[in-house]
1. Could you please state how large a percent of the accessible area of the chain is carbon and sulfur, counting protein chains only and using a 1.4 Å probe?
2. On C-alpha positions alone, give me the angle between the axis of helix 36-51 and the longest principal axis of the chain, in degrees, nearest 10.
3. Find me the longest stretch of the chain that has none of the exposed trypsin sites (Lys or Arg not before Pro), where exposed means in a DSSP loop (not H, G, I, E or B) with at most 16 other Cβ atoms within 10 Å.
4. What are the residues whose amide H is under 5 Å from the amide H of Val5, where those residues sit 5 or more places off or on another chain and H is modelled from the backbone?
5. Taking Rg/Rh (Cα atoms, Kirkwood Rh) straight from the coordinates, which label in (1) 1.44; (2) 0.95; (3) 1.00 is the correct one?
6. Before anything else, pin down the relative contact order of the chain: Cα pairs under 8 Å, at least 6 apart, normalised by residue count, whole percent.
Amino acid sequence: MTVTVCGDDAAALRVVGTLVRDVGGLPATLGTLDRVRQLDEVAGFVIGLAFAGVDPNSAVPVVPKATTRTGSRA
């Protein structure tokens, strides 16, 4: 289970990451707090699809996991 988080405080993100890993999850930090609204809207969209009986993967493709992070963005 991947748990997405956003935050401005590096120490707090480390604590949350540890807690997520402790319960068997994989933390994925998606940016600073200014991205929270975006994350909320996407979550609402995906939940809406699921409740409508539509496979969310049909609208939001699964991206293969990267083995290394290069630091570059497309």
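1. It is 61 percent, rounded to a whole number.
2. Helix 36-51 sits roughly 40 degrees off the main axis of the chain.
3. Answer from the scan: 1-64.
4. Sorted by chain and number, the residues that satisfy this are Ala28, Thr29, Leu30.
5. Here the calculated entry is (3).
6. 26
The values are calculated or read from the model by the stated rules, or taken from the named source; none is laboratory data. Keep in mind it's a predicted model, so treat the numbers as computed, not measured. Using ideal geometry, Cβ is built from the backbone for each residue, glycine included, and neighbour counts are taken over all protein chains shown. Side chains included, ligands, DNA and RNA excluded: accessible areas come from the protein's heavy atoms. Shrake-Rupley method; radii C 1.70, N 1.55, O 1.52, S 1.80 Å.
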